[in-house]
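Worksheet: the structure to be examined is printed underneath.
The values are calculated or read from the model by the stated rules, or taken from the named source; none is laboratory data. Bear in mind the structure is a predicted one, so any value in this text is a computation, not a measurement. Backbone-built Cβ (ideal geometry, glycine too); neighbour counts: all protein chains shown. The protein model used for the area step is the full one, side chains on, heavy atoms only, and it has no ligands, DNA or RNA in it. Shrake-Rupley method; radii C 1.70, N 1.55, O 1.52, S 1.80 Å.
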Amino acid sequence: MKMSAKFLLAVIIPLLSACSGRHLINDSEYRNLVDSSFNKRKELAANRSGELFDVLNRPLKTSQKEALKFLYAFMPLNDLADYSGDFFLANVNVALRAREESPWGKDIPEEIFLHYVLPYRINNENPDSFRIVCYDEIVGRIRNMSILDAALEINHWCHEKVAYQPADIRTSAPLSTILSARGRCGEESTFTVSALRTAGIPARQVYTPRWAHTDDNHAWVEVWSAGKWYYMGACEPEPVIDRGWFTEPARRAMLIHTKSFGASLKDENSVNRYKNYSEVNTLSKYAVTKRIFVKVIDADGLPVKDARVEYQLFNYAEFYPLAVVPADAGGISQFETGLGDLLVWAYGKNGFNYTKISVAETDTLTMVLNKKAGGSDNIELDLDVPLALSPLPGPSQAMIENNTKRFNAENEIRQKYIDTWMTPVDAKSLAVSLNADTSGVMSIIARSMGNYKEISSFLSVTPDSLVSMALSLLEILPDKDLRDTKAVILSDHLLNIVCNAGIAENDNKLFLENVLNPRVANELLTPWRSYFRNELPSELINGAPSNPLLISQYLEKNISIADGENYYNTPITPKGVNELKVSDSFSRDICFVAICRSLGIPSRLEPGSNVPQYFLNSVWNDLFFSDQPKPSGIKGYIRLISAESKTVPEYYSHFTLARFENGRYTTLEYDYNKKVTDFKEELSLSPGSYMLVTGNRLSGGRILSALSFFDLKAGEHKTVEVKIRKELTEAKILGKIDLRSIFKLLDRDVQNPDSLSEKGAAIIWIDPEKEPTKHIFNDLPHLKKELDEWGGCFIFLTDASLKWKGFSDELLNLLPSNLLFGNDNAALNSALLPLDPTGIRLPFVVMTDKSGNILYCSSGYRIGLGEQILKYAR
């Protein structure tokens, strides 16, 4: 009721104003461009014209109308498909109110307001009513502050609400992030930018799509003041602006960028400009950069206009395209990047080529598109990353201490909210009332976090006969779905299930995963079962179970494809696809699966290729729409093997597999960290050319990579061995540490220290509230078995002033068994400082043998610590 009242007030109150008023967009040329784009958008979204555009027929101010038109003119397809004009108007009104009421509103240039305050969408989240709900609370927090002080204070407010925790790729909306009190960096930054824009502060999410020195990425926040952009870590408040734990890693980045909503701002440093948005390169704010040029020619030496040039960085065991910059009429593509190594891949209609470059040594590169896919080849690549630099000076110790006190207080505020969630005792009582499995219900409630009311409500209203199926539905959902899905959505999927008796009885796993499961990919969960049962033609409903191709025919007849228009790559909901009748290809695939499941047909996106499939006549059948290339119907088969034993190769850590499509190799999407030994069965794949990528990231960040090209024929059974290149030089002793002095720092007496460190020790100085340390807590459980077999001890040391409460029992059970804890108030033993001449950064890790000889050290943010320790285990 509270949210509804605020929403209605935000829509209705401004309607009392007269229609006349000042322009929001005073540049008449740009206003005409917006009008032209808006009219095209209206045509594109004609099938939802009433829901979207009737709001413009109300007595609105000129500023309201122009703001709405600006948003409509450039918004992605999923917003046109899944939201209403009332929603957009409510957000417009809050943005205009903030501009009017904030002390800095009058000083914000028109173009900055349009691109970095007005847009309700930050990146690829499914937007919600956050601005409307939280405006008063946020504005009340920052009265009488300057714009930068207000930005810092809002970040403290955000930290009271949310802390870092890794999660899947679907980006939760700000209110959902608050509900669960946690989010990954992309969600924290989406939330924080939303909070800043709510207060009328220009803000944007900036993002390094992949780091060079470690296998990960990161997102944070930039805020605008007086013509300059400043940065801060989202939900990670520092005492000053332009400071974050990622300051030093960002100095080693190869790209940091942001999306600028709307037709381009001509003075921004854009990687690419498109009609609806720009990709803005902000790397030069953080790192030393260089602009490189690539000239693309054909076999006759002529420039290839519009050739695609990908600037690829090794990360997650694949060559990831940081940017794709088409060649101009002269065949020239250019890219500003950092001083590391890249693989440049260029392709056009008549061929492709690739080469490794060291950016510092490259100015202009000429590439001839004379390669064709096919055949076997093996190539080794040694790749260097930008060097670590001496750290920049930070805030004073007094400022850090005061900020730490606030940080701890904010943690307590957030914890008080978390303590209001359903307790295990109450969850057990709920299970008893349902006559359901106690442990199952308790686990589901714990995973639902702040959304426990919706989950318990769903279970409570479920008929007794369906409670078991309801629990199966909840158990199969990802954690994030349990944290933000409403009871009404879950009930729709349960109560409208179509059970194919033969499948449900004979293959329960097939039924649960591919019929009952409402999750298809990374789309927002919505109640589409009842919708399709009511909206689809009866002949389709009756005929599709025996002939699922009727569904694809229905979609091809009724849905037009406009891939470039859904540029944030947030999937349209299945209902939205059917209502808008315009879609990107991926959302159409999701819609196909959803319709199949609505009619009781097992369906999925094939693991690896994401090709939609339906299960009929006891086999999985691929579905290719007529506008897609259709490979041979006979598959080939690959069996992955490896002789590696010390560290078993894992997907997206040590290797990936890619298929040649449209001039480049596209990585197959199997599960992260899936061991090669867990690929139990042969991979069923379409015939074609494939590339195996392997990589070994060494302690300094350098990578030993290899590319293996091969063909797969129809009906062929091929064995592919995953071999990881090894460092050939002997490991050096880096120094020595007195282990007995370390044991004196522990929180308990150690009776026999020699026995504890008989196999060696990993000593880790941590700042447990910062994201780099939390990555260690996520890395080590993954290799718990191997680390326990090694038998060395793990010693975690913190500064006592941080008031760390230690690991939760749940995390303790996941970490290596031989754990010790202590405090080192000096932050680091001074004897270790020579190990990193550029300056010690937390987390700081040293690994020793039983005598205290240091075999490995790592300073600062790094992924894959467990693997590095195993490399040096003796």
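Table for the structure above
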read-out: Every pair of residues 6+ apart whose Cβ atoms lie under 7 Å, when the first sits in region 327-349 and is part of a strand (DSSP E or B) while the second is at pLDDT 95 or above and among the acidic types (D, E); value: D341/D384; W345/E310
read-out: Residue within region 389-400 that is within 30 Å of S460 (Cβ to Cβ), open to solvent by 40 Å² or more (accessible area, probe 1.4 Å) and in a loop (DSSP other than H, G, I, E, B) present; value: no
read-out: Pairs where the first residue, in region 472-501, is surrounded by 19 or more Cβ atoms within 10 Å (Cβ to Cβ) and the second is of a type in the set (D, E) and not in a helix (DSSP H, G or I), C-beta under 9 Å, 6+ apart; value: K480/D168
read-out: Every pair of residues 6+ apart whose Cβ atoms lie under 6 Å, when the first sits in region 297-312 and is in a loop (DSSP other than H, G, I, E, B) while the second is open to solvent by 40 Å² or more (accessible area, probe 1.4 Å) and not hydroxyl-bearing (S, T, Y); value: A299/N370; V304/D298; K305/A329; D306/P326
read-out: Pair list, Cβ < 6 Å and 6+ apart or interchain, from region 698-716 residues that are within 29 Å of G864 (Cα to Cα) to residues that are part of a loop (DSSP other than H, G, I, E, B) and not hydroxyl-bearing (S, T, Y); value: L698/E727; G701/H213; G701/V385; R702/D384; L704/R725; A706/R725
read-out: Members of region 415-432 found to be crowded, with 19+ Cβ neighbours inside 10 Å and assigned to a helix (DSSP H, G or I), listed by number; value: A427, L430, A431
read-out: Near pairs, Cβ below 7 angstrom, 6+ apart or cross-chain, from region 725-747 (in contact (Cβ under 8 Å) with a residue 60 or more places away in the chain and under 25 Å from L704 (Cβ atoms)) to any residue that is open to solvent by 100 Å² or more (accessible area, probe 1.4 Å) and part of a loop (DSSP other than H, G, I, E, B); value: none
read-out: Test result for D377, open to solvent by 30 Å² or more (accessible area, probe 1.4 Å), touching a Ser or Thr at 6+ places or on another chain (Cβ under 8 Å) and touching a residue at least 60 places away in the same chain (Cβ under 8 Å); value: yes
read-out: Residue among I154, I112, I122 that is surrounded by 23 or more Cβ atoms within 10 Å (Cβ to Cβ) and either assigned to a helix (DSSP H, G or I) or not hydrophobic (A, V, I, L, M, F, W, C) (or both); value: I154
read-out: Residues of region 377-434 that turn out to be over 30 Å from A181 (Cα atoms) and at pLDDT 95 or above, as a count; value: 10
read-out: Matching strands (runs of 3 or more DSSP E) fully within region 507-624 where at least 1 residues are open to solvent by less than 10 Å² (accessible area, probe 1.4 Å) and either of a type in the set (S, T, N, Q) or within 29 Å of S468 (Cβ to Cβ) (or both); value: 603-605, 612-616
read-out: Single condition M449 does not satisfy, out of (1) farther than 30 Å from V611 by Cβ; (2) in contact (Cβ under 8 Å) with a residue 60 or more places away in the chain; (3) open to solvent by 60 Å² or more (accessible area, probe 1.4 Å); value: (3)
read-out: Those residues of region 751-790 which are touching a strand residue (DSSP E or B) at 6+ places or on another chain (Cβ under 9 Å), assigned to a loop (DSSP other than H, G, I, E, B) and crowded, with 17+ Cβ neighbours inside 10 Å, in sequence order; value: S757, G760, I766, D767, P768, E769, K770
read-out: Checking R251 against (1) closer than 22 Å to L196 by Cβ; (2) modelled with pLDDT of 95 or more, the condition it does not meet; value: (1)
read-out: Residue in region 223-234 that is surrounded by 21 or more Cβ atoms within 10 Å (Cβ to Cβ) and in a loop (DSSP other than H, G, I, E, B) present; value: yes
read-out: Test: residue in region 705-721 that is more than 30 Å from D384 (Cβ to Cβ), touching a strand residue (DSSP E or B) at 6+ places or on another chain (Cβ under 6 Å) and polar (S, T, N, Q); value: yes
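A quick yes/no check of all residues on (1) under 25 Å from D168 (Cβ atoms); (2) in contact with a Gly (Cβ under 9 Å, 6 or more places away or on another chain); (3) assigned to a loop (DSSP other than H, G, I, E, B); (4) open to solvent by 30 Å² or more (accessible area, probe 1.4 Å):
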{"residue": "D627", "(1), (2), (3), (4)": "no, no, yes, yes"}
{"residue": "P631", "(1), (2), (3), (4)": "no, yes, yes, yes"}
{"residue": "I638", "(1), (2), (3), (4)": "no, no, no, no"}
{"residue": "A643", "(1), (2), (3), (4)": "no, no, yes, yes"}
{"residue": "T666", "(1), (2), (3), (4)": "yes, no, no, yes"}
{"residue": "S689", "(1), (2), (3), (4)": "no, yes, no, no"}
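A quick yes/no check of all residues on (1) open to solvent by 50 Å² or more (accessible area, probe 1.4 Å); (2) at pLDDT 95 or above; (3) within 30 Å of V139 (Cα to Cα):
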| site | (1), (2), (3) |
| --- | --- |
| K2 | yes, no, yes |
| L44 | no, yes, no |
| D54 | yes, yes, no |
| L71 | no, yes, yes |
| A95 | no, yes, yes |
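Residue-by-condition table, conditions (1) within 29 Å of the chain's Cα centre (by Cα); (2) open to solvent by less than 30 Å² (accessible area, probe 1.4 Å); (3) more than 25 Å from V845 (Cβ to Cβ):
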{"position": "G695", "(1), (2), (3)": "yes, yes, no"}
{"position": "L698", "(1), (2), (3)": "yes, yes, no"}
{"position": "R702", "(1), (2), (3)": "yes, no, no"}
{"position": "L707", "(1), (2), (3)": "yes, yes, yes"}
{"position": "T719", "(1), (2), (3)": "no, no, yes"}
{"position": "A731", "(1), (2), (3)": "no, no, no"}
